[in-house]
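Down below is the structure, laid out as structure tokens.
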């Protein structure tokens, strides 16, 4: 039998493919919490779940939100014209969804401050390899604990506890321009891609998944794309 693999490469171990996921989201987006929880669970169910490179990208649903809000979430949304019956119905749905993954939603106490500084800290966390724990910690304090992510003292405490070195957190909080370009670039890229809502997952730079899709849908989509990345045995 004639090998179709060049002789000089027959014994070369196959490279393990890695799947890249770019995920646009906002700290103040409850559906982004659901989407991230479902994605994490989907990845745990997949045999290649450890062969995925995640990068969380910045997006602001309310870029004009105040730096420090004086209102809680229900009052803030009511002032912006949201129907409170719809808010309560959506809240009940989110509570049920979060409970499936052990996440507690308490939007009655959420403080809808501007998330730009939080995003700058998430960008800094990416450089330190602690982006996901920092993001998850910010989700928790915003939606479960009712703490103000516009408060620099709160932000410093939360991100440092999640693994971001304190000196880097202090630098970002002291310099309003630190990692601002990275945030702006992510938002500009979202605009270029036509992203108008979050969460949004870009898979392998080619395929988009919009919204907090069911866990099974995510797993199937990722498996399909990953299969295309599998190298021929014995090749690089």
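None of the figures in this text is laboratory data; all of them are computed from the coordinates on show. All values derive from a computational prediction rather than experimental measurement. Don't worry about glycine lacking a Cβ; one is built from the backbone with ideal geometry, like all the others, and counts go over all protein chains shown.
With a cut-off of 8 Å between alpha carbons and a minimum separation of six or more residues, what is the relative contact order of region 133-233 in percent?
Computed over region 133-233, the figure is 14 percent.
Rounded to the nearest 10 degrees, the angle from helix 180-193 to the longest Cα principal axis of the chain is 70 degrees.
Shape of region 82-236 from the C-alpha gyration tensor: oblate (a/c of 1.5 or more and a/b not above b/c, with a ≥ b ≥ c the square roots of its eigenvalues). As I understand it, the value is the acute angle between the Cα axis of helix 84-99 and the longest principal axis of the Cα atoms of the chain; what does it come to in degrees, rounded to 10? So the inclination is approximately 40 degrees. Take the Cα of residue 167, go 7 Å toward its beta carbon, and the backbone nitrogen atoms of region 113-131 under 19 Å from that spot belong to 121, 124-130. If the chain linking residue 52 and residue 96 were pulled fully straight, counting 0.36 nm for each residue of separation and taking away their Cα-Cα distance, it would gain 13.0 nm.
Expressed as an acute angle from 0 to 90° and rounded to the nearest 10, what is the orientation of the C-alpha long axis of helix 152-161 relative to the principal long axis of the chain? The helix 152-161 is inclined about 30 degrees to the chain. Ordering of 135-144, 210-219, 156-165 by packing is 135-144, 156-165, 210-219, highest average first (other Cβ atoms within 10 Å, averaged per residue). Note on region 106-192: Kirkwood hydrodynamic radius from all Cα pairs is 13.0 Å, rounded to one decimal. Based on C-alpha pairs under 8 angstrom that are at least 6 apart in sequence, region 7-229 has a relative contact order of 31 percent. Most simply put, region 7-229 has about 55% antiparallel DSSP beta bridges, counting only bridges with both residues inside it.
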